[in-house]
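Q: I'd like to ask you about the structure that follows.
The values are calculated or read from the model by the stated rules, or taken from the named source; none is laboratory data. Computed from a predicted structure; not experimentally measured. Cβ atoms come from the backbone with ideal geometry, glycine included; neighbour counts cover every protein chain shown. Calculation scope for accessible area: heavy atoms of the full protein, side chains included, ligands and nucleic acids excluded. Shrake-Rupley method; radii C 1.70, N 1.55, O 1.52, S 1.80 Å.
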Amino acid sequence: MRSSSKRPHDRMKDGFFYRRLVRPLLDLLRQGVTPEKIALSVALGAALGVFPALGWTTVLCAIAALVLRLNLPAIQIVNYVMYPVQLALLLPFFRFGEKLFGAKHMPLSVSQISQLIHNGVWNAIRFLWTTTWHAIVVWAILAPVFVAIIYASLTPLLRRALNRQIQTLPEAA
């Protein structure tokens, strides 16, 4: 059995999540982006990243970043990381939409949705239009709460990270 000479904290820094999400966000702090702007970028990127209509998240994140003057790379990094979560939440959003609107259950799987899209995007849109619309309403109800929770949780953590960076800066002579 091979033993790693790295400490657990150092191994975490080599992980995908740290390299692709945490490190870029810490770099933005070092560049002067405020903790509040980063927290809002992350919160909106996560919420918009699970929007229950495939193919729209990048555009929605870009619009949000431009309108709210958020950091475009930060919001898109989070959007990118959220893609597997978007796929995992697609069917739950569909099911909650069916319940909310009293719509007939449409027995679908993610692989069937993928096959529909592969066979023809316009036919897939036409076939899934009502189901997707219902899912978007559910998302619109839940997203603001999700954004508020993420923003409120992340802002103090980013402020703390910024204070640590300030404390470790060499003092000017």
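Q: Please tell me if Ile117 is within 30 Å of Gln31 (Cα to Cα), touching a Gly at 6+ places or on another chain (Cβ under 9 Å) and modelled with pLDDT under 90.
A: Considered against the rule, which asks whether it is within 30 Å of Gln31 (Cα to Cα), touching a Gly at 6+ places or on another chain (Cβ under 9 Å) and modelled with pLDDT under 90, Ile117 comes out as no.
Q: Mind checking which helices (runs of 4 or more DSSP H) fall wholly inside region 55-122 and carry at least 1 residues that are closer than 25 Å to Leu40 by Cβ and either among the aromatic types (Phe, Trp, Tyr) or open to solvent by less than 60 Å² (accessible area, probe 1.4 Å) (or both)?
A: Output list reads 57-68, 72-101.
Q: Now, a different point. Just to be sure I understand the filter: pairs with C-beta atoms under 7 Å, separated by 6 or more residues or on different chains, first member in region 31-58 and within 18 Å of Phe93 (Cβ to Cβ) and in contact (Cβ under 8 Å) with a residue 12 or more places away in the chain, second member hydroxyl-bearing (Ser, Thr, Tyr) and buried (at least 19 other Cβ atoms within 10 Å of the Cβ). Which pairs pass?
A: Sorted first by the residue in region 31-58, then by its partner, the pairs are Leu48/Thr57; Gly49/Thr57; Phe51/Thr57; Pro52/Thr132; Ala53/Thr132.
Q: What are the residues in region 126-155 that are at pLDDT below 95 and surrounded by fewer than 18 Cβ atoms within 10 Å (Cβ to Cβ), if any?
A: Result: Arg126, Phe127, Trp129, Thr130.
Q: Continuing with this model, one more query. Looking at region 140-151, can you tell me whether even one residue there is free of Cβ contacts under 8 Å to residues at least 40 places away in the same chain, more than 23 Å from the chain's Cα centre (by Cα), closer than 26 Å to Glu36 by Cβ and in a helix (DSSP H, G or I)?
A: no
Q: What number of residues in region 1-26 are of a type outside the set (Ser, Thr, Tyr), open to solvent by less than 60 Å² (accessible area, probe 1.4 Å) and either at pLDDT 80 or above or within 19 Å of Gln76 (Cβ to Cβ) (or both)?
A: 5
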